[in-house]
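A.B. asks: Sharing a structure here in structure tokens format.
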Amino acid sequence: AVMTNDAMVSEKIENPRFLRKSEAKVKKAQRTLSRKKIGSKNREKAKLILAKKHERIANQRQDFLHKLSRRIVDENQVIVVETLKSKDMMKNHKVAKSIGDVSWYEFVRQLEYKSRFYGRTLIKADPWYASTQICSTCGVKGEKKKLDVREWTCTHCGAYHDRDINASLNLLMLAD
Ligand SMILES: [Zn+2]
């Protein structure tokens, strides 16, 4: 996710390391479980361990999203979020994973009710809004960009863009 505040300062939010660590632990517990004999006591034990790891990561993720959404609502009067075409996204494994990681829908849900509570304006951009295609410097809509294109140069004005930051600047323009 990318946040752009009123001063047009962009900040990329990466999936925190503690979540990646917990994910690795879940994977390990899954492997352990798969090696245990069906119907055995050890398998039941491994199942329980896996369930606990899942619960822990779910709690950590929820906590992270709550803190982040609270900070965004605290720091900004107007918040613009992009709603994603999940079907298209899910075709791409890498992107699907990162969406799963940050739980975008849950995040948007939290932003919605917190914005309402603290009197902020929340704008949801339509999925068809070409936030990645439009150059935020000159406004010209360029060609579609493949998901692995992280940086690009506008063929019209020559501006050099980080894909996500450019998209977030375009989304912010919807707020005006
Ligand atoms: Zn341009």
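A.B. asks: If you go through the stretch 147-167 one residue at a time, how many are within 10 Å of Thr132 (Cβ to Cβ), within 16 Å of the ligand (Cβ to nearest atom) and in a helix (DSSP H, G or I)? First the steps, then the outcome.
C.D. replies: Filtering the stretch 147-167 for residues within 10 Å of Thr132 (Cβ to Cβ) gives 147, 149, 152, 161, 163-164, 166-167.
Among the residues that remain, those that are also within 16 Å of the ligand (Cβ to nearest atom) are: 149, 152, 161, 163, 166-167.
Add one more test, that the residue is in a helix (DSSP H, G or I), and what stays is 163, 166-167.
Total satisfying the criteria: 3.
A.B. asks: So how many residues does the stretch 124-141 have that are crowded, with 17+ Cβ neighbours inside 10 Å and within 9 Å of the ligand (Cβ to nearest atom)?
C.D. replies: So the count comes out to 3.
A.B. asks: Here is a follow-up. Do we have Ser69 as at pLDDT 85 or above, outside the structural domain of Leu171 (by TED's automatic domain parsing) and touching a strand residue (DSSP E or B) at 6+ places or on another chain (Cβ under 7 Å) here?
C.D. replies: Numbers: at pLDDT 85 or above: yes; outside the structural domain of Leu171 (by TED's automatic domain parsing): yes; touching a strand residue (DSSP E or B) at 6+ places or on another chain (Cβ under 7 Å): no.
Here the answer is no, as Ser69 does not meet what is asked.
A.B. asks: Could you grab me the full set of residues in the stretch 28-46 that are under 28 Å from Tyr105 (Cα atoms) and either among the polar types (S, T, N, Q) or open to solvent by 80 Å² or more (accessible area, probe 1.4 Å) (or both)?
C.D. replies: Restricting attention to the stretch 28-46, the residues satisfying the condition of being under 28 Å from Tyr105 (Cα atoms) are 28-30.
Correct list: Lys28, Gln30.
A.B. asks: Out of the residues in the stretch 72-116 that are at pLDDT 90 or above and buried (at least 18 other Cβ atoms within 10 Å of the Cβ), which is nearest to Thr132 (Cα to Cα)?
C.D. replies: Restricting to residues being at pLDDT 90 or above and buried (at least 18 other Cβ atoms within 10 Å of the Cβ), the top hit is Leu111.
A.B. asks: Among (1) more than 14 Å from the ligand (Cβ to nearest atom); (2) in contact with a Leu (Cβ under 6 Å, 6 or more places away or on another chain); (3) outside the structural domain of Glu75 (by TED's automatic domain parsing), which single condition is Ser115 missing?
C.D. replies: Looking at each condition in turn, Ser115 falls short on (3).
The values are calculated or read from the model by the stated rules, or taken from the named source; none is laboratory data. A quick note: this is a predicted structure, and the numbers were derived from the prediction, not measured. All Cβ positions, even for glycine, are placed from backbone atoms using ideal geometry, and neighbour counts span all protein chains on display. Please note that ligands, DNA and RNA were not included when accessible areas were found on the heavy atoms of the full protein model with its side chains. Shrake-Rupley method; radii C 1.70, N 1.55, O 1.52, S 1.80 Å.
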